[in-house]
Amino acid sequence: MSLKQELQNLNNRIDTCQRKLEAAKGRGDQEMISKFTDELEKLSKKASATQHKLKYDMNKERKSLLDMPFSRPITKAEQADMGKLKKSVKGLVVVHPMTKLGKELRLEVMTGYAPKKF
């Protein structure tokens, strides 16, 4: 399971526990209140750790792209035939500005990163 899916599942479980906790508070059931409070705490810690891992991985990927010696915007003609471009440039990584990585890098246009000039 991917980290994003795991985080989504944790958030869903947190939401469910919060609803059950509110219902238990409405009934005044102390045993269930303590159970859901403990579970909420445990799930929140796990979700926080997963978010941190996602941010760490994103930052690691961002740094590896910035360390590549060459980068430049991809022209419209190159975007039209991306397969040909990727075959001609070994190790090319293309980042779109609307992706999470593109937003992290604060890109304005589609940009290619490569170990050699292309």
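The values are calculated or read from the model by the stated rules, or taken from the named source; none is laboratory data. Keep in mind that this is a model prediction, so the values were computed, not measured. Backbone-built Cβ (ideal geometry, glycine too); neighbour counts: all protein chains shown. The accessibility values were calculated without ligands, DNA or RNA, using every heavy atom of the protein model including side chains. Shrake-Rupley method; radii C 1.70, N 1.55, O 1.52, S 1.80 Å.
In table form, for the structure just shown:
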| read-out | value |
| --- | --- |
| Conditions (1) farther than 14 Å from LYS116 by Cβ; (2) in contact with a Leu (Cβ under 8 Å, 6 or more places away or on another chain): number failed by LYS63 | (2) |
| Residue within region 22-44 that is among the hydrophobic types (A, V, I, L, M, F, W, C) and in contact with a strand residue (DSSP E or B) (Cβ under 7 Å, 6 or more places away or on another chain) present | no |
| Single match in LEU65, LEU85, LEU92, LEU40 (criterion: hydrophobic (A, V, I, L, M, F, W, C), touching a Cys at 6+ places or on another chain (Cβ under 6 Å) and at negative phi) | LEU40 |
| Qualifying positions in region 51-108 - over 26 Å from GLN8 (Cα atoms) and acidic (Asp, Glu) | ASP67, GLU78, ASP81, GLU108 |
| Among (1) of a type in the set (Asp, Glu); (2) touching a helix residue (DSSP H, G or I) at 6+ places or on another chain (Cβ under 7 Å); (3) within 30 Å of GLU108 (Cβ to Cβ), the one test that GLU39 misses | (3) |
| Residues of region 1-41 that turn out to be of a type in the set (Lys, Arg) and under 27 Å from LYS100 (Cβ atoms), as a count | 2 |
| Wholly within region 23-118, strands (runs of 3 or more DSSP E) carrying at least 3 residues that are open to solvent by 40 Å² or more (accessible area, probe 1.4 Å) | 70-73 |
